[in-house]
Amino acid sequence: FTERTRHYRNFQVIFEKDSRAGIWTEWAPPLAILEPGLAVGQRKEVSGVMKVGAGNGVTSTIRLSGSMHVAVNERVTTPAGTFDTVRFDVSVSGSGRDSAAPSGWISASVRHRIWYAWRVGVWVAWEEERRENGRRVEAVTRELTAYDMASAPHGSQLAGATR
């Protein structure tokens, strides 16, 4: 397992860092995935800018757009417990600048499958696949391992693990 730190604003992930590998991702602006009142079956267009830094100094800035689908209500069990969730499926793609690419340009796509527990106000599971120039560069599954609602209102920082 790799420990990751995540920071949220208005329920959206805005920054994530894998301190062991030195890799970080910042969403500025973040993908506007979660909105109160969304119902299963609804879709909406989303966009954001993903900035990625590798431990070796390589950075990328990619503008992404696509769609979000409120897929289904599901009960999910994680190491932190069992939660009634709504699953969001997100698929975005775009292009941008990469300091390591020979041409300086990169195309990317990101797919998220996110389980959100409305009652406690936290993401409890998250699957992500990221591709750059058609090649898969990251595929991770994260599960909530612990949370403390008193010290982390609506998930300002949550402990999680990556497989």
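Ranking Y116, Y147 by solvent-accessible area of protein heavy atoms (1.4 Å probe, all protein chains present), from largest to smallest, gives Y147, Y116.
In the assembled protein chains, I114 presents an accessible area of approximately 0 Å² (probe radius 1.4 Å). Taking all protein chains into account, the per residue accessible area for segment 13-121 stands at 51 Å² (1.4 Å probe).
Segment 22-82 and segment 122-137 have Cα centres separated by 9 Å. Accessible area ranking (1.4 Å probe, heavy atoms, ligands and nucleic acids excluded), largest first, for D18, D84: D84, D18.
The values are calculated or read from the model by the stated rules, or taken from the named source; none is laboratory data. These numbers were taken from a predicted model, which means no experiment stands behind them. Keep in mind that these areas ignore ligands, DNA and RNA; they rest on the heavy atoms of the full protein, side chains included. Shrake-Rupley method; radii C 1.70, N 1.55, O 1.52, S 1.80 Å.
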